[in-house]
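Just below is one structure, and these are the notes that go with it.
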Amino acid sequence: MSLSVDVFLREGDGFELLDMPPGCNDQAGFESWRTTVWGSDAVRSLGARFFPRLDRHDVEVEPDEVAAFLEECALIRANLPLIAASTAGEKTLAEHGHVLGRDLDNIVGAAERALRAGGGVIIW
């Protein structure tokens, strides 16, 4: 299983997922990354508050939180070598860093689309 990232618009008590634009990817990591990467001690040590929530449940970033979420994504990006080194597991550091960066790009892309649409981001 894989984690996915999508953009949503609130509708009453629920939400509507926006269609994925052509050329975009919704992959946000492997299911195991809830704890081994996004909820890892390395990510927590940076003071991240959105990503570590994935270790307990899906994460919904509300529309008014998207700018702060993008700041957290920038923090993760700036520390990608540290995170990759501490969470690589069986993959080589280069392989893991590449996949981690690619999936972070997908998350950032969704957050940027959410910001433009006035929506939120869900990682699930």
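The values are calculated or read from the model by the stated rules, or taken from the named source; none is laboratory data. Predicted model, so just to flag it, every value in this text is computed and none were measured. Positions of Cβ are backbone-derived with ideal geometry, glycine not excepted, and every protein chain shown enters the neighbour counts. Remember, those area values only see protein heavy atoms, side chains included, never the ligands or the DNA or RNA. Shrake-Rupley method; radii C 1.70, N 1.55, O 1.52, S 1.80 Å.
Close contacts from the stretch 87-106, counting a first residue that is open to solvent by 80 Å² or more (accessible area, probe 1.4 Å) and a second that is in a helix (DSSP H, G or I), with Cβ to Cβ under 7 Å and a gap of 6+ residues or different chains, come to LEU93/ALA84; LEU93/ALA85. Note on the stretch 1-53: residues that are in contact (Cβ under 8 Å) with a residue 24 or more places away in the chain, surrounded by 14 or more Cβ atoms within 10 Å (Cβ to Cβ) and assigned to a helix (DSSP H, G or I) amount to 6. Checking each residue in the stretch 54-73 for being open to solvent by 60 Å² or more (accessible area, probe 1.4 Å) and closer than 14 Å to LEU104 by Cβ picks out only GLU71. Checked against (1) in contact with a Gly (Cβ under 7 Å, 6 or more places away or on another chain); (2) in contact (Cβ under 8 Å) with a residue 60 or more places away in the chain; (3) over 9 Å from ILE123 (Cβ atoms), PRO63 passes all but a single condition, namely (2).
Taking VAL108 as the residue in question, decide whether it is in contact with a strand residue (DSSP E or B) (Cβ under 8 Å, 6 or more places away or on another chain) and under 12 Å from ALA28 (Cα atoms). Write out each step before concluding.
Working: in contact with a strand residue (DSSP E or B) (Cβ under 8 Å, 6 or more places away or on another chain): no; under 12 Å from ALA28 (Cα atoms): yes.
When the stated conditions are applied, VAL108 does not pass them.
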